[in-house]
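Where a number appears in this text, it was derived from the coordinates with a stated rule and is not lab data. This structure is a prediction, so every number in the text was calculated from the model and none was measured. Here the Cβ is made from the backbone with ideal geometry for all residues, glycine too, and neighbour counts use every protein chain on show.
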Protein chains: 2
Amino acid sequence: MNTIHFTRGIPADESYPLEQLASCAEAVMRGPNALETMKYGTGFGFTPLREILAAQNNVKLENVIVGNGSLGFIDLMGVSVLQAGDTVFVESPTYDRVLTLFRRHGIKVVSIPLEPDGINLEALTKALESHKPKIVYLIADFQNPSGATMSLTKRQAVVELAAKHDFLILEDAPYRPLRYRGTQIASLFDLDPERVMQMSSYTKQISPGVRVGSLVGPARPLAQLAKAANDTYISAAFLGQATVAEFLQRGLLEPQLESLRNLYRPRLEAVIAALETHLPNARFIKPDGGFFLSVTLPEGSSVSSLMERGKDVNLTFTDGRGFFPVASDGERFLRLPFCALTPEELSEGIKRLSSIV
Amino acid sequence: MNTIHFTRGIPADESYPLEQLASCAEAVMRGPNALETMKYGTGFGFTPLREILAAQNNVKLENVIVGNGSLGFIDLMGVSVLQAGDTVFVESPTYDRVLTLFRRHGIKVVSIPLEPDGINLEALTKALESHKPKIVYLIADFQNPSGATMSLTKRQAVVELAAKHDFLILEDAPYRPLRYRGTQIASLFDLDPERVMQMSSYTKQISPGVRVGSLVGPARPLAQLAKAANDTYISAAFLGQATVAEFLQRGLLEPQLESLRNLYRPRLEAVIAALETHLPNARFIKPDGGFFLSVTLPEGSSVSSLMERGKDVNLTFTDGRGFFPVASDGERFLRLPFCALTPEELSEGIKRLSSIV
């Protein structure tokens, strides 16, 4: 009996466009941008890729920065836009690695409860009475770890609050193009490009190996980030950035995204069906895209004891407490990444899960 | 009259092995390691490249970490091996970007004067009476910015002091394979692999665009670094690391280094000859390799005023004060990077320099 891992949110091995990447990487090094790819650049990243993203987002070049993955931007943010002692608001739960990085730099993290349709607005409004956040960090689409998507009404409200209380929104949107059902909602960046920095990454769309993240937003914080980036690594890994630029220029991204949606949609359907069959009383959020679905276990149970019992049935999980700024809030929180497992594995995994809950 | 830049230590454009890199990148993505290149890995870096470096250095896999350039390791060091308030010793002058990064993380920097044959041992010994450094940061070969190389006697003495006073040595060795004359001296790492972390990079050897740095050293600090790396970017840019691994496996590095030495040697000779001709009274260190030569201007002159006068003759410099932990010590310090200029440009540049000194 193979172990089934409900741990990390990784893309499926079979999703990587290896042949196309081989051709793009080769073309870059034999093409007109080869020298620019190999030389030092600025902290803003590889210019031809920034130009493509600026055109896509209808912004100027100064509004686009590309770096070594989006997580790296959070780290740089902590020593540039933010300073030790500054306050950041996050959803609870939120992406665990972001908490680690904000805390590394002495940033004060205030958590606002998340609901199935996004951040709790009352709690957010109330928190704004006693705190002055410099940044509110939100994953509006198919949130990691919950799978929740923020409603349009809430997005509009949050953007209004940003203007009223003068904070920046950091919209983390790596899953946004991976919608498997329903229709796309305007992004926070669409609603207010003056106050929203939208971060994305090609990790989930192409592969982690190219290590390319991007941030589109107001020029001032981006210039601060680019300065910190230059101080940290002079310029980022341009071979990956140039390969991604070539991939985009050849029009390969949209077909790649379509094939990802077709690969992952049945997996989302399989995990939902399995939960409805094997754990009919489970409380879970039905995501419309992305990598994660989350279950809240019944009162009295805990993920830590589930992790123990999982060993008996060859099932592994991530401790839910890591996703919560106040760890004890995550005692009953179970994240189920579904993209790197086949429908059969997902069905079998949930069956095993039901045997130990 | 073209401007001649004596500013940044960048490789010559004509030095990049573009065709070979194209072939290596393509082969990686079509070869047996393609999937490993594209997936998430650990904070230690791409395993096949670590294996090559472990064999080269006769150490175990746990003694090798590869990341996004060596400067990135300094940044990670500041939040792992080192903590705010810890003390680091550096040479004065030293690599300016390292000072920026240590200071970013609240590391206390103590500077020890540098002499043409390496760190001043008396000053080092004396400083050890009143300070307890966790790390002593040294560039033993063809130092940036001075061009100085540490003598074997001094290397042995520093290693003994490390054992006696229980500190780690961080040996930054990106220029080490680029010796243009004389014979190689045992590295600090060669002398004590238990206490020395030797950092290197393929930036100067292959190109900045691959963005690959490496660190070989004791397992314990490396594990701390790898944890911080994983927290920061999960895994580094593997496309570049895999391309470098392929480059090494094909035996392309040694011929590449030989061609770099043949390209840069006449440039070093040209800048020395020009100084001897046009500035016979200048006090400068004659480097045996690397990217930099440095001049100490006569009493009463300063690089900042030279930068002003340089505009009249189309000559640019870097402010020497940035290389000194105590900035005013660098008032008369002029760094001359010579690799990215032709012998003719170097000769012309020094002639212009003599006209404004």
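Side notes on the structure shown:
- Peptides B:66-72, A:238-244, B:157-163 ordered by average Cβ neighbours within 10 Å, highest first: A:238-244, B:66-72, B:157-163
- Translational diffusion of the protein assembly as shown, estimated by Stokes-Einstein from the Kirkwood radius over alpha carbon pairs at 37 °C in a medium of 0.692 mPa s, is 121 µm² per second.
- Taken over the stretch A:74-114, the ratio of Cα radius of gyration to 2.2 N^0.38 Å equals 1.06.
- Taken residue by residue and averaged, Cβ atoms of other chains lying within 10 Å of the Cβ of B:89-100 number 1.
- Bridge type composition, the stretch B:66-180 - antiparallel percent by DSSP, nearest 5: 15
- Distance from the stretch B:89-157 to the stretch A:175-195 (C-alpha centre basis), Å: 51
- For the stretch A:1-75, relative contact order (Cα pairs under 8 Å, six or more residues apart, normalised by length) works out to 19 percent.
- Around the Cα centre of the stretch A:112-171, unit charges on the Cβ atoms of Lys, Arg, Asp and Glu (plus for the first two, minus for the last two) sum to a dipole of about 180 debye.
- Under 17 Å from residue A:311, Cα to Cα: lysines that are on another chain or at least 8 residues apart: A:351
- Per-residue ellipticity at 222 nm, computed for chain A from helices alone with -39500 (n - 2.57) per DSSP H run of at least four residues, works out to -13000 deg cm²/dmol.
- Near residue A:212, the amide H atoms lying under 5 Å from its own belong to A:69, A:202, A:203; only residues 5 or more places off or on other chains count, and H is placed 1.01 Å from N.
- Relative contact order [Cα under 8 Å, 6+ residues apart], the stretch B:157-205, whole percent: 48
- Over all other residues within a Cβ to Cβ distance under 14 Å of residue B:45, the charged ones net out to +2, with Lys and Arg as +1 and Asp and Glu as -1.
- Lys/Arg +1, Asp/Glu -1 at C-beta; chain B dipole; positive extreme among B:224, B:163, B:182: B:224
- Comparing B:233, B:16, B:137 in a Gaussian network model of chain B, where Cα atoms under 10 Å apart are tied by springs, the biggest mean-square fluctuation is seen for B:233.
- Pairwise label distance in nanometres, residue B:132 with residue B:84, each label 7 Å out on the Cα-Cβ vector: 2.1
- Volume in Å³ per residue [convex hull over Cα atoms, computed for the stretch B:56-160]: 122
- Put simply, chain B fits an ellipsoid with semi-axes of 33, 26, 18 Å; these come from the alpha carbon gyration tensor as the roots of five times its eigenvalues, largest first.
- Part-to-part distance (alpha-carbon centres) for the stretch A:236-312 and the stretch B:202-257, which is given in Å: 31
- Peptide-level mean, for B:28-34, of C-beta atoms on other protein chains within 10 Å: 5
- 10 Å Cβ neighbours from other chains, averaged over peptide A:321-330: 0
- Taking other C-beta atoms within 10 Å as the exposure proxy, A:294, A:214, B:111, B:328 rank B:328, B:111, A:294, A:214 from fewest upward.
- Percentage relative contact order, chain A, counting C-alpha pairs under 8 Å, at least six apart: 25
- The residue among B:18, B:356, B:135 whose Cα reaches farthest toward the positive pole of the charge dipole of the protein assembly as shown, with charges on the beta-carbon of Lys, Arg, Asp and Glu, is B:135.
- Cβ crowding within 10 Å ranks B:196, B:212, A:81, B:109 as B:109, A:81, B:196, B:212, fewest other Cβ atoms first.
- Dipole in debye (nearest 20) - the protein assembly as shown, about Cα centre, beta carbon charges: Lys, Arg +1; Asp, Glu -1: 540
- Distances between copies of residue B:164, taken at a point 7 Å out from Cα along the Cα→Cβ vector and listed shortest first: 6.8 nm.
- Taken about its Cα centre, chain A carries a charge dipole of roughly 380 debye when the Cβ of each Lys and Arg holds +1 and the Cβ of each Asp and Glu holds -1.
- Gaussian network model of chain B, springs between alpha carbon atoms under 10 Å - residue of B:221, B:145, B:174 with greatest fluctuation: B:221
- Distances, shortest first, from the label point of residue B:355 to those at the same position in the other copies read 8.6 nm; the point lies 7 Å along Cα to C-beta.
- Label 7 Å beyond Cα on the Cβ vector: residue B:126 copy-to-copy distances, nm: 6.3
- Structure remark: mean-square fluctuation, Gaussian network model of chain B, C-alpha springs under 10 Å; the largest value among B:133, B:17, B:255 belongs to B:255.
- Model label sites at residue B:62 and residue B:249, defined 7 Å from Cα along the beta-carbon direction, differ in position by 2.6 nm.
- In the protein assembly as shown, the DSSP beta bridges split such that about 45 percent are antiparallel, to the nearest 5.
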